Every structure is written in C-alpha cells, then in structure tokens.
Amino acid sequence: QKEVEQDPGPLSVPEGAIVSLNCTYSNSAFQYFMWYRQYSRKGPELLMYTYSSGNKEDGRFTAQVDKSSKYISLFIRDSQPSDSATYLCAMSYNNAGNMLTFGGGTRLMVKP
Amino acid sequence: EPEVTQTPSHQVTQMGQEVILRCVPISNHLYFYWYRQILGQKVEFLVSFYNNEISEKSEIFDDQFSVERPDGSNFTLKIRSTKLEDSAMYFCASGETQYFGPGTRLLVL
C-alpha cells in the first residue's frame with residue numbers, strides 16, 4: 001500500500017461548484033497535514049496547514065483531517081477558473097524540519 | 001511578500017558533469033530542504049538542513065549529492081556526476097512550514 005494516495009483526476013467542474021479533494025494515508029504517525037497548489041511547471045504553493053484532526057477554514061478553502069480514518073480533505077467553495085491546477089496533499093511526522101511525504105496530486109479543471 | 005528564489009530556472013548538462021543548483025531561502029528561516037519531481041511523478045524529499053548540517057536525508061540523496069550553505073543567504077545542491085535519471089525539477093523549500101521555490105528544471109543528456 002502506498003504511503004499517501006490521491007486520485008489523480010482530472011476532476012472537471014463548472015465555475016461556482018464546490019470541489020472536494022481527498023487523500024488517504026497509511027502511516028498513523030503523520031501529525032501535520034498540508035495542501036499545496038501547483039500550476040503547470042511551477043513550484044508547489046502552500047494553501048493550508050493543519051495539525052492533527054479537525055477543520056481549518058481560510059477564505060474559500062476548508063481543510064479537514066480525520067486521523068481515525070487516515071483521511072484528509074480540501075474543500076473549495078465557489079470554485080473559479082483560476083483554481084485550475086494540480087492539488088497536492090503532503091504530510092509529516094512533526095513540524096520543524098521534517099520531510100514531507102506527498103501524494104501524487106489531483107488535477108482540477110474549473111470550466112467557465 | 002518574501003519568497004524562495006532559485007537559479008537557474010533551466011539547466012541542461014551532459015551525463016557525468018557536475019551541476020550546482022542555487023536557492024535563496026526566505027531570510028529569517030532556519031530550515032532548508034531540497035525536493036525533486038521527475039516529470040509525471042510525485043514530489044520526493046531529498047534532504048533537510050538545519051544549523052549548518054544535514055538533519056535528514058532520503059535514500060535518493062546518495063554520495064553523488066551534497067548541500068551547502070556557503071554564506072548567510074544561499075543554499076546549494078550539488079550533483080557531482082549527473083546521470084540521465086537525475087533529470088527532474090528540483091525544488092528548494094524553507095521554513096518550518098515549508099515554502100517552495102519555483103524550481104530548477106534539470107535535463108541530463
């Protein structure tokens with residue numbers, strides 16, 4: 001079983017839709033969870049950062065972590081064409097200086 | 001807003017040659033990292049660096065790789081003798097919450 005799994009997509013939605021992106025993981029030692037957005041041939045851009053289980057909201061973005069199910073989600077409300085990108089989940093064992101383990105990314109296309 | 005910068009943006013080299021990839025992390029950050037992403041594959045951790053020494057490295061980071069912080073601002077990744085399979089996008093990141101640079105696309109011929 002891969003350590004972090006993500007549906008590669010592509011996920012195609014109309015503008016204004018609510019998008020749900022998900023990752024599952026196998027290692028219960030992961031404590032910190034991130035979502036990055038990556039445009040084609042660019043560096044990952046940090047969107048959300050959460051610790052342990054629970055929800056975190058930032059504007060149109062909500063991150064959820066369910067450690068009991070080893071499942072994390074990113075919700076995007078009122079999706080825009082500019083949200084079209086690849087979304088990467090990443091996780092680490094601790095905060096400072098620890099390696100990130102990435103999922104393979106989900107490609108999202110928001111159609112006007 | 002401060003950001004991580006990387007040079008060059010693209011590098012083409014011959015197999016067996018040495019390359020040095022350069023990064024300028026965000027100025028007050030203490031943790032630095034290198035990752036790579038082979039085309040169509042996951043982002044993979046290479047190495048982390050703190051307090052002027054390697055704090056963690058992956059199996060990919062073998063004797064052909066080295067990192068250095070030669071002055072107060074730059075952080076470099078050296079590949080001593082490049083192989084075809086080293087062709088990838090190389091990302092530098094800095095900070096406890098890791099902020100990534102735009103990457104250097106390395107092509108080994």
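Figure legend. Inter-residue proximity from segment B:18-31: first residues away from every other protein chain (no Cβ under 14 Å), second residues basic (Lys, Arg) and part of a loop (DSSP other than H, G, I, E, B), beta-carbon distance below 6 Å, spacing 6+ or different chains. Indicated pairs: B:18/B:80.
Just one of the numbered conditions (1) surrounded by fewer than 13 Cβ atoms within 10 Å (Cβ to Cβ); (2) within 15 Å of the chain's Cα centre (by Cα) is not true of residue A:11: (1).
Among the residues of segment A:38-50, are any closer than 21 Å to residue A:3 by Cβ, open to solvent by 20 Å² or more (accessible area, probe 1.4 Å) and among the small types (Gly, Ala, Ser)? There is no residue in segment A:38-50 that is closer than 21 Å to residue A:3 by Cβ, open to solvent by 20 Å² or more (accessible area, probe 1.4 Å) and among the small types (Gly, Ala, Ser).
Of the strands (runs of 3 or more DSSP E) lying entirely inside segment A:8-55, the ones with 1 or more residues being in contact (Cβ under 8 Å) with a residue 12 or more places away in the chain and within 14 Å of chain B (Cβ to nearest Cβ) are found at A:19-25, A:32-38, A:45-51.
On the stretch given as segment B:94-109, residues that are facing chain A (nearest Cβ under 9 Å), open to solvent by 60 Å² or more (accessible area, probe 1.4 Å) and in a loop (DSSP other than H, G, I, E, B) total 2.
Of the residues examined, residue B:91 is not one that is at pLDDT 95 or above, closer than 23 Å to residue A:44 by Cα and in a loop (DSSP other than H, G, I, E, B). Taking residue B:76, is it part of a strand (DSSP E or B) and more than 13 Å from every other protein chain (Cβ to nearest Cβ)? Yes.
Here's the yes/no breakdown for (1) over 14 Å from the mean Cα position of the chain (by Cα); (2) at pLDDT below 95; (3) assigned to a strand (DSSP E or B):
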position	(1), (2), (3)
B:29	yes, yes, no
B:35	no, no, yes
B:41	yes, yes, no
B:46	no, no, yes
B:66	no, no, yes
B:71	yes, yes, no
B:85	yes, no, no
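Taken over segment A:51-98, the residue count meeting the criterion of being open to solvent by 50 Å² or more (accessible area, probe 1.4 Å) and closer than 21 Å to residue B:95 by Cα is 5.
Restricted to strands (runs of 3 or more DSSP E) entirely inside segment A:57-96, those with at least 3 residues that are within 13 Å of chain B (Cβ to nearest Cβ) are A:85-92.
Against the conditions (1) open to solvent by less than 70 Å² (accessible area, probe 1.4 Å); (2) closer than 21 Å to residue A:89 by Cα, residue B:64 satisfies every one except (2).
The values are calculated or read from the model by the stated rules, or taken from the named source; none is laboratory data. Values in this document were obtained by computation on a predicted structure and should not be read as measured data. Cβ: placed from backbone, ideal geometry, glycine included. Neighbour counts: every protein chain shown. Ligands, DNA and RNA are excluded from the accessible area calculation, which covers all protein heavy atoms including side chains. Shrake-Rupley method; radii C 1.70, N 1.55, O 1.52, S 1.80 Å.
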